[in-house]
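Following: one structure in structure tokens, then a few remarks.
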Amino acid sequence: MDYFHLLRAHQGCLERIALAMLGNRPDAEDALQEAALAGYRHFDQLRDAHAFGAWMRRILIRQCRQILERRRLSFPVDDLAAYLPDTAPGPDAESTAIWEMVARLSDHLRPVVVLRYMLDMSQQEVAEALGIPVGTVKSRLGKALALLREMEEAEGRAAQ
Amino acid sequence: MTGHDDFEHRLGQGLKRWVQAGEPTIDLEAFVRERTGQRGTGPDALPWNGEPLEAGVVKALAPIESGAAGATGPLEPGAIGPLAPMQQGALEGLGSPESGASGELAPQASGLAQTIAHQASDERLSGRRSRRWKPWLVGVAAAAVIALALGTTFPSWAGAAAGLPLVGPVITRIIMEDAGLKWAYDMGLIQGNVAEVTQNGVTVRILGVLADSRRTIVLYQVLGAPPAERDDSPPVPTSSWVTPPERPSLPVEAAIAQVNGRGAVSSSSPPEETPLGYVGTVSTVPLELEQAELTLRFVVGEEKITLTVTASREETDRVSREVVVSQILEYDGVRITVESVVYTPAETVVRYREEADRFIGPVNWDWETEYDYLEVNGQRYRSSGGGLGLNNVHHLAFPPVEGQARLVLKPVIKGSPIEAVWPLEEGAVAEVMGVPVTLVEFQRAGDAIGFRWKSPQSEQFRGIGGFEVIDSAGNAHPLGGSWESVANSVAEGVRYQHYSAELPEGVEAVAVRATQAAVPVYGPWVFELPRG
């Protein structure tokens, strides 16, 4: 077993985490590539192969955070197509629908939801991962949940 | 389990199922191998330094760094090629042989093109992002070259068009900066040479009128206006930062006072002084009828000149199509109704109504990420202009689009009532929606009073407003009656606000109160529009 074996085993999941954090495939690919490179270069720091998934997730989240911060600072008008939410089907209709709602959240809200509910991180961990105060995490989560509920209700009304 | 818990549970479970369903879609291994100088292609081409691994323990692989050479991928044929012909073509097509300007333009544009082409090739050489960045850079290169060429050569070809008389570069620039105006001018749809009145040596000339689905706009020229008046008010002491706003001393004011005899609200930018007199524009909302009489009022020094012109949408409506939409979204006390979309050859104009408790005060936006846009076929188009009309009806103009479009509006600011009081003591703190806001400084200067606050940047609110001072008897006196000066900015996570205004006569203020907070309502404000 080597780095690439482990990477292949986790790549599908990592791709989706990047896509969920960043909302679009080109940026997700950038984050993945940088994370894969960083993982390769620092592989000697990993002592337990079983921890590879969590270890890579941390590296990937760091890359995603950098891209989100860069995106906030610089948002080239002519390249906006790259920032559209990309679709990706889940294994069932409900999970696909949930992703499509989360994908519509803004860059402020979506990563918080992803880390908290997809990766089960605590609010403190989310705050550390994104470099924001815990209070901000709480308020963003509250806002995101309210929006998601409204979206779900709107979808429900539309389906009736 | 409560509904709340159930929702969060379903959200978490759904997201976990979704993430577990992910399959690799890109060749990460090849990327890492290439970037680190590994040329092997198979999954086993890079062993763990040939050493067996202990169970459950992953040992380090000494990375093989190859620097820039390793990172440099092969340059695909044509990576730079398509860019150069496009720039060359743009220059050849736009620079007229008789224009001396185009001759000067060529080296400048060519240099820009080369710089951008170089950046594009650098991105390509990096082996990454070529899919995203090359089209962007090529697009920017083309747009930059075209903009330079147009900006320099416009007067020569625009002058050939019929209808509107050109009175120098200012009117030319005004037309060029507005896609709808430019297109209407090119098509001869601006009614030119409309009216002219001379009174006591002052001439008001209406150069053109355009009525379309977005607005009704009048271009004018004023000759014989007196020179700009000097401000005779006493100078404000330099030690004071509480200053009334400088009043414009331009001697020309223009307004569309009436439309078909009914009072109208118009907006105008300060006219610009040119060697050919003052030129400027004044505009109002789109005409509700196909044709209307506009009553224009000009104040030029001591002269008050009124004239009437006819505006017609007949020609512009012939080439546009209005589709009624009537989509409503409502979040947190804010209701937005998209009423219609107008598709023209020059613009896509969206008309919508915004109903919210208005916040009276300045709001600080992060324009890099907060703006209105249309999303069509995977592309985003920022709004190129717009305006607020009567009854909270907004118009937003976008480039012309075809296909299924989605309108995405930036957060809406609503005024939320608060009760935050600061005694007039520097350092006094009051909480606004749970955030401590500090009165950093206050000052009296003559009849004016000013305040400065700072607070941690918060997502709860974007500013405070609705200011009052409180006297020693506890009476509140609203500020901002005759003038006010406001500022709202954010730097390094801190919001700074400044407010100064005339202090009501005879009032001895002991405290200042803010009665409103600017609360962002995020939506999502997303509207699916009918196909263009």
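Taking 0.36 nm per intervening residue step and subtracting the Cα-Cα distance, what contour gain separates B:Glu419 from B:Val490 on full extension? Before the final figure, lay out the partial values.
On the way: separation 71, 0.36 × 71 = 25.56 nm, distance 2.26 nm.
Stretched out fully, the B:Glu419 to B:Val490 stretch lengthens by 23.3 nm.
I'd like the orientation of helix A:3-22 relative to chain A: the angle between its Cα long axis and the longest Cα principal axis, in ° from 0 to 90, rounded to 10.
Its long axis makes an angle of about 30 degrees.
Please report the net charge: other residues with Cβ closer than 15 Å to the Cβ of B:Arg215, K and R +1, D and E -1.
Charge balance near B:Arg215 sits at -3.
How long is the gain from B:Asp357 to B:Glu528 if the chain were fully straight, where each residue apart is worth 0.36 nm and the alpha carbon distance is subtracted? Please report the intermediate quantities before stating the final value.
Values: separation 171, 0.36 × 171 = 61.56 nm, distance 2.53 nm.
Roughly 59.0 nm would be gained on extension.
Pull up all non-local amide H partners of B:Gly463: gap of 5 or more, or a different chain, and H-to-H distance under 5 Å with H placed in the peptide plane.
B:Ala518
Grab the beta carbon distance between B:Leu223 and B:Glu290, set R0 = 30 Å, and tell me the FRET efficiency rounded to 0.05.
Computed FRET efficiency for B:Leu223 and B:Glu290: 0.40.
Shape of region A:97-160 from its Cα gyration tensor (a ≥ b ≥ c, root eigenvalues): rounded if a/c is under 1.5, otherwise prolate when a/b > b/c, or oblate? Display every interim value, and only then the final one.
Working: a/c = 2.83, a/b = 2.29, b/c = 1.23.
In terms of gyration-tensor shape, prolate.
Rounding to the nearest 20 debye, state how big the charge dipole of region B:315-381 is about its Cα centre with +1 on each Lys and Arg Cβ and -1 on each Asp and Glu Cβ.
Computed charge dipole of region B:315-381: roughly 260 debye.
Give, as a single signed number, the net charge of other residues whose beta carbon lies under 9 Å from the beta carbon of B:Ala518, with Lys and Arg counted +1 and Asp and Glu -1.
Overall, the nearby charge balance is +2.
Pick out, from B:Gln443, B:Met433, B:Gln460, the residue whose Cα sits farthest towards the positive end of the charge dipole of region B:417-460, with +1 on the Cβ of Lys and Arg and -1 on the Cβ of Asp and Glu.
Positive-most Cα among the choices belongs to B:Gln443.
Using Cα centres only, tell me the gap between region A:115-160 and region B:415-473 in whole Å.
31
If I take every Cα pair under 8 Å that is 6 or more residues apart in region B:306-439, average their sequence separation and divide by the length, what percent do I get for the relative contact order?
18 percent.
When the dipole is taken about the Cα centre of region B:334-439, and only Lys, Arg (+1) and Asp, Glu (-1) are charged at their Cβ, what size is it in debye, to the nearest 20? The partial results should precede the final answer.
On the way: 9 positive and 15 negative charges, 101 e Å.
Roughly 480 debye for region B:334-439.
Got a sec? How would B:Glu314, A:Glu15 order by Cβ neighbour count within 10 Å, fewest to most?
In increasing order of surrounding Cβ atoms, one gets B:Glu314, A:Glu15.
Under 5 Å between amide hydrogens, which residues at least 5 positions from B:Leu529 or on another chain qualify, with H placed 1.01 Å from N in the peptide plane?
Residues meeting the criterion, in which the H sits 1.01 Å from N, are B:Ala405, B:Arg406, B:Leu407.
Under the rule of at least 5 residues apart or a separate chain, name every residue whose amide H is placed under 5 Å from the amide H of B:Ile418.
Residues meeting the criterion, in which the H sits 1.01 Å from N, are B:Gln516, B:Ala517.
Taking the Cα centre of region B:290-354 as origin, work out the dipole magnitude from +1 charges on Lys and Arg Cβ and -1 charges on Asp and Glu Cβ, in debye rounded to 20.
That gives a dipole near 40 debye.
Roughly what would the spin-label model give for A:Glu69 and B:Glu431, points 7 Å off Cα along C-beta, in nm?
Those two pseudo-labels are separated by 3.1 nm.
With both bridge residues required to lie in region B:451-532, what share of the DSSP beta bridges run antiparallel, to the nearest 5%? Show your work: numbers first, answer last.
Working: 24 of 24 bridges.
Close to 100 percent.
How far apart, in nm, are the 7 Å Cα→Cβ label points at A:Ala54 and A:Glu128?
It works out to 1.1 nm between the two label points.
Over all residues in B:271-279, what is the mean tally of Cβ atoms on other chains that come within 10 Å of each residue's Cβ? Each step should come with its number before you reach the end.
Working: counts 0, 0, 0, 0, 0, 0, 0, 0, 0.
The shielding value for this peptide is 0.
List the pairs from B:Lys414/B:Lys454; B:Lys304/B:Lys410; B:Lys410/B:Lys454; A:Lys138/B:Lys454; B:Lys16/B:Lys454; A:Lys143/B:Lys454 whose alpha-carbon separation is above 31 Å, in the order I gave them.
Over 31 Å apart, Cα to Cα: B:Lys304/B:Lys410; B:Lys16/B:Lys454.
Please name whichever of A:Gln124, A:Leu19, A:Gln45 sits farthest to the positive end of the charge dipole of chain A, dipole taken about the Cα centre and charges placed at Cβ: Lys and Arg +1, Asp and Glu -1.
My answer, from the dipole projection, is A:Gln124.
By how many degrees, 0 to 90 and rounded to 10, does the Cα axis of helix A:134-159 deviate from the longest principal axis of chain A?
Helix A:134-159 and the main axis of chain A meet at about 50 degrees.
I need the calculated FRET efficiency for the pair A:Glu153 and B:Lys304, taking r as the beta carbon distance and R₀ as 60 Å, to the nearest 0.05.
Result of the calculation: an efficiency of 0.60.
At 7 Å along Cα-to-Cβ for each site, give me the label-to-label distance between B:Thr438 and B:Thr274 in nm.
5.1
What's the center-to-center distance, using Cα atoms, between region B:364-380 and region A:45-67 in Å?
32
List B:Phe298, B:Phe31 from most exposed to least, where exposure is judged by having the fewest other Cβ atoms within 10 Å.
B:Phe31, B:Phe298
Output ³J(HN,Hα) for region B:330-347: one whole-Hz value per residue in order, computed from phi by the Karplus curve 6.51 cos²θ - 1.76 cosθ + 1.60 with θ = phi - 60°, and x for Gly and Pro.
In residue order, the calculated couplings are 9, 9, 6, x, 10, 10, 10, 10, 7, 8, 7, 10, 10, 9, 10, x, 9, 8 Hz.
Lys and Arg at +1, Asp and Glu at -1: add these up for the other residues within a Cβ distance under 15 Å of B:Ile171 and post the number.
Working: positive: B:Arg173, B:Lys182, B:Arg205; negative: B:Glu177, B:Asp178, B:Asp186, B:Glu272, B:Glu273.
Cβ neighbours under 15 Å give a net charge of -2.
How do A:Asp27, A:Asp48 rank when sorted from fewest to most other Cβ atoms within 10 Å of their own Cβ?
A:Asp48, A:Asp27
Throughout, read-outs are computed from the coordinates displayed, never taken from laboratory work. The structure presented is a predicted model; accordingly, all values stated were derived computationally and were not measured. With ideal geometry, Cβ positions are generated from the backbone for all residues, glycine too; neighbour counts draw on all protein chains shown.
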